[in-house]
Amino acid sequence: MPMRDIRLLTQMFIPGALIGPFTQANPGLGGVCTFVGEVRSDEGVEALELTHYEPLTLPGMHELADRAFARFDLMGLLMAHRVGVLHPGEPIVCVSAAARHRRDAIDTVDFCMDHLKSAAWFWKRERRAGPNGSAWHWIEPREQDGQDLARW
């Protein structure tokens, strides 16, 4: 049975502490692909806040995992996503896929990230330094995000 580790986290996490055990739990894999997204530390960003719709978020992440397992030949999938207030340099998301062949692992991570970024249950806003002090600004989807999602 394929390994599935789906987490919605409210506290800071260390990606390597998740990836190491995940890799070890998938003996015989041919490749592991991992993406870790972090809060940018440039452009005056002081903090990032991720809110979500709790009744749908974790079930939706599990449904996304189901779709990934149906589409790709996977041995395991790890998805961890933060909510709450994060600071520059902190990890936001970690997606890791284990497969017998590299293409399935790479494509799975790309598929999951495109969906988490553009079709998920998260809302993001940034606190930025400005001439009149710090202020929160909602982050709107970019046109590229929709194009990335449309590939699938």
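The values are calculated or read from the model by the stated rules, or taken from the named source; none is laboratory data. Everything numeric in this text was worked out from a predicted model, so none of it was measured. Cβ sites come from the backbone with ideal geometry, for glycine too, and all protein chains shown count toward neighbours. With ligands, DNA and RNA removed, areas are computed over all heavy atoms of the protein, side chains included. Shrake-Rupley method; radii C 1.70, N 1.55, O 1.52, S 1.80 Å.
Overview of results
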quantity: Along each principal axis, Cα extent of the stretch 1-72, largest first, Å; calculated: 44, 28, 21
quantity: Length-normalised contact order for the stretch 1-77 - Cα pairs under 8 Å, 6+ apart - percent; calculated: 67 percent
quantity: Folded to 0 to 90 degrees: helix 102-118 orientation relative to the chain principal axis, Cα; calculated: 30 degrees
quantity: Heavy-atom accessible area per residue - the stretch 41-138, 1.4 Å, Å²; calculated: 48 Å²
quantity: Relative contact order (%) - criterion: Cα under 8 Å, at least six apart; region: the chain; calculated: 32 percent
quantity: Debye, to nearest 20: dipole size of the chain, +1 on Lys, Arg Cβ, -1 on Asp, Glu Cβ; calculated: 260 debye
quantity: Surface/4 of the Cα convex hull for the stretch 1-134, nm²; calculated: 8.4 nm²
quantity: Percent accessible area from carbon and sulfur atoms, the chain, protein chains only, probe 1.4 Å; calculated: 52 percent
